[in-house]
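A.B. asks: First the structure, then my questions, so here it is.
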Amino acid sequence: MNVTKYEKQVEAIYPQTLFTGQQLVWLPECPSTNTEAYQLAVQNRATDGCCVITDKQTAGRGQRGNQWEAAPGENLTLSVVWHPGFLPAADQFLLSQAVALAVHDWLVTLLGPDPALRVKWPNDIFFGNQKLGGILIENTLSGPKIQHSIVGIGLNINQRQFGVPTATSLACLTGRAYSLPTLVARLLESLERRYLQLRSGKVGALRAEYLRVLYRFQEEHEYEAAGRRFSGQIVGVDEIGRLAVATKGELHYFDLKEIRYI
């Protein structure tokens, strides 16, 4: 394993993987692990599966352009570089599903198969109605293929206090503290398992399992779109990642910024 260390010694992380996390770049502080990982990728300094991890992210990005906030040294903030040349650009949402399932798999090993543990479309991680983690995948395309993907993951682990009531952590849920290096290794293993499943073409199983753990799937809830509130049921996700919602006998599809959960 090639471990690059900055400013101080850190405990080595040794995932039992073929390539994911075998190149590890640790930063004590950085604006965004996705930005750092992207720079390594475009400079051809990142091997397939390179992982960038930090204790403190000062300008982390989330979905919808939101900022991801996490207490320094208490949570997991990392990005993985993959080169999924096998995946057509039109199918890039499959990568999002695979990553969300990998994080869900990993959390099941820590929390058990709790039905409250869900993936909120497109790939936030929820426990009940509280957010446990988020995923931001940024793909660089080369024609009809994906040149490289930067998979950013932020997970609340040991933090106990949050500025919003809609956030939670593993420590809040279980009442115990966790060793972050050990968790990183197991997470990287889970990510590689799902990535290899995707690479082997088992997309039907991925899509089915994603729906099985999807937050609010086939339940009646309130939503807002185009300034109008309505009651509807999430019934699926199409091949390009749009959320399918049934309301009043009609089926509507929504992109990321077009619908809000109430």
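The values are calculated or read from the model by the stated rules, or taken from the named source; none is laboratory data. Small disclaimer: the values here were computed from a predicted structure and weren't measured. Glycine gets a Cβ as well: all are built from the backbone with ideal geometry, and neighbour counts include every protein chain shown. Surface accessibility is based on the protein's heavy atoms, side chains included, excluding ligands, DNA and RNA. Shrake-Rupley method; radii C 1.70, N 1.55, O 1.52, S 1.80 Å.
A.B. asks: Compute a Gaussian network model of the chain, connecting alpha carbons closer than 10 Å, and tell me which residue from Thr174, Thr140, Thr54 fluctuates the most.
C.D. replies: Thr174
A.B. asks: Could you compute how much accessible surface Cys172 exposes when probed at 1.4 Å, giving the result in Å² to the nearest 10?
C.D. replies: So the heavy atoms of Cys172 present about 60 Å² to solvent.
A.B. asks: Sticking with this one: Suppose every Lys and Arg Cβ carries +1 and every Asp and Glu Cβ carries -1, with no other charges. What dipole size does segment 79-175 come out with about its Cα centre, to the nearest 20 debye? Provide the component values of the computation, followed by the final result.
C.D. replies: Numbers: 5 positive and 5 negative charges, 32 e Å.
About 160 debye.
A.B. asks: Checking the a/c ratio against 1.5 first, then a/b against b/c, what shape does the Cα gyration tensor give for segment 24-153? Please report the intermediate quantities before stating the final value.
C.D. replies: Working: a/c = 1.87, a/b = 1.21, b/c = 1.55.
Taking the square roots of the gyration eigenvalues as a ≥ b ≥ c, segment 24-153 is oblate.
A.B. asks: While we're on this one: If ligands, DNA and RNA are left out, what is the accessible area of Leu18 with a 1.4 Å probe, given in Å² to the nearest 10?
C.D. replies: Solvent-accessible area, nearest 10 Å²: 130 Å².
A.B. asks: What residue among Ser79, Ser142, Ser190 has the largest mean-square fluctuation in a Gaussian network model of the chain, using Cα springs under 10 Å?
C.D. replies: Taking springs between Cα atoms under 10 Å, the residue moving most is Ser142.
A.B. asks: Please state the relative contact order of the chain as a whole percent: Cα pairs under 8 Å, 6+ residues apart?
C.D. replies: Working: 529 pairs, mean separation 45.7, N = 262.
Relative contact order, the chain: 17 percent.
A.B. asks: Can you give the accessible area per residue of segment 155-236, in Å², using a 1.4 Å probe?
C.D. replies: In whole numbers, segment 155-236 has 49 Å² accessible per residue.
A.B. asks: With +1 assigned to the C-beta of every Lys and Arg and -1 to the C-beta of every Asp and Glu, and no other charges, what is the dipole magnitude of segment 96-229 about the Cα centre in debye, to the nearest 20?
C.D. replies: Values: 16 positive and 11 negative charges, 31 e Å.
It comes to approximately 160 debye.
A.B. asks: Suppose we keep just the alpha-carbon trace of segment 161-262; what are its Rg and Dmax in angstrom?
C.D. replies: 17.8, 49
A.B. asks: Charges at C-beta only: +1 for Lys and Arg, -1 for Asp and Glu. How large is the resulting dipole of the chain about its Cα centre, in Debye rounded to 20? Provide the component values of the computation, followed by the final result.
C.D. replies: On the way: 26 positive and 25 negative charges, 21 e Å.
Here the size comes out at about 100 debye.
A.B. asks: Let me ask another. Can you pull the percent of the chain's accessible area that's carbon plus sulfur, 1.4 Å probe, other chains left in place?
C.D. replies: Numbers: 5920 of 12190 Å².
Using a 1.4 Å probe with all protein chains present, the chain comes out at 49 percent carbon and sulfur.
A.B. asks: Residue by residue through segment 201-215, what is 3J(HN,Hα) from phi via Karplus (6.51 cos²θ - 1.76 cosθ + 1.60, θ = phi - 60°)? Round to whole Hz and write x for glycine and proline.
C.D. replies: My calculation for segment 201-215 gives x, 8, 6, x, 5, 4, 4, 5, 5, 4, 5, 4, 10, 6, 4 Hz in order.
A.B. asks: Any chance you could look up the accessible area of Asp114 with a 1.4 Å probe, heavy atoms only, rounded to 10 Å²?
C.D. replies: Counting only protein heavy atoms, Asp114 exposes about 60 Å² to solvent.
A.B. asks: Using only Cα atoms, locate the centre of segment 76-138 and the centre of segment 29-54, then give the distance between them in Å, rounded to an integer.
C.D. replies: Result: 19 Å between the Cα centres.
A.B. asks: Something else: With a ≥ b ≥ c the root eigenvalues of the C-alpha gyration tensor of segment 87-152, is it rounded (a/c under 1.5), prolate (a/b larger than b/c) or oblate? Display every interim value, and only then the final one.
C.D. replies: On the way: a/c = 2.95, a/b = 2.62, b/c = 1.13.
Prolate shape, in that a/c is at least 1.5 and a/b is the bigger ratio.
A.B. asks: Could you identify which residue out of His104, His83, His221 has the top mean-square fluctuation in a GNM of the chain using Cα springs shorter than 10 Å?
C.D. replies: Result: His221 has the largest fluctuation of those listed.
A.B. asks: Among (i) 17.1, 52; (ii) 20.0, 75; (iii) 18.1, 60, only one was calculated for this model; which label is it, if the read-out is Rg and Dmax of the Cα atoms in Å?
C.D. replies: Comparing each candidate, only (iii) matches the computed number.
A.B. asks: Also, I was wondering about something else. Enter the angle in degrees (range 0 to 90, nearest 10) between the Cα long axis of helix 180-199 and the first principal axis of the Cα atoms of the chain, meaning the one along which they spread out most.
C.D. replies: 60 degrees
A.B. asks: Follow-up question, since we're still on this one. Taking only protein heavy atoms and a 1.4 Å probe, what accessible area per residue, in Å², does segment 25-138 have with all protein chains in place? Walk me through the intermediate numbers first.
C.D. replies: Numbers: 4250 Å² over 114 residues.
Accessible area per residue, segment 25-138: 37 Å².
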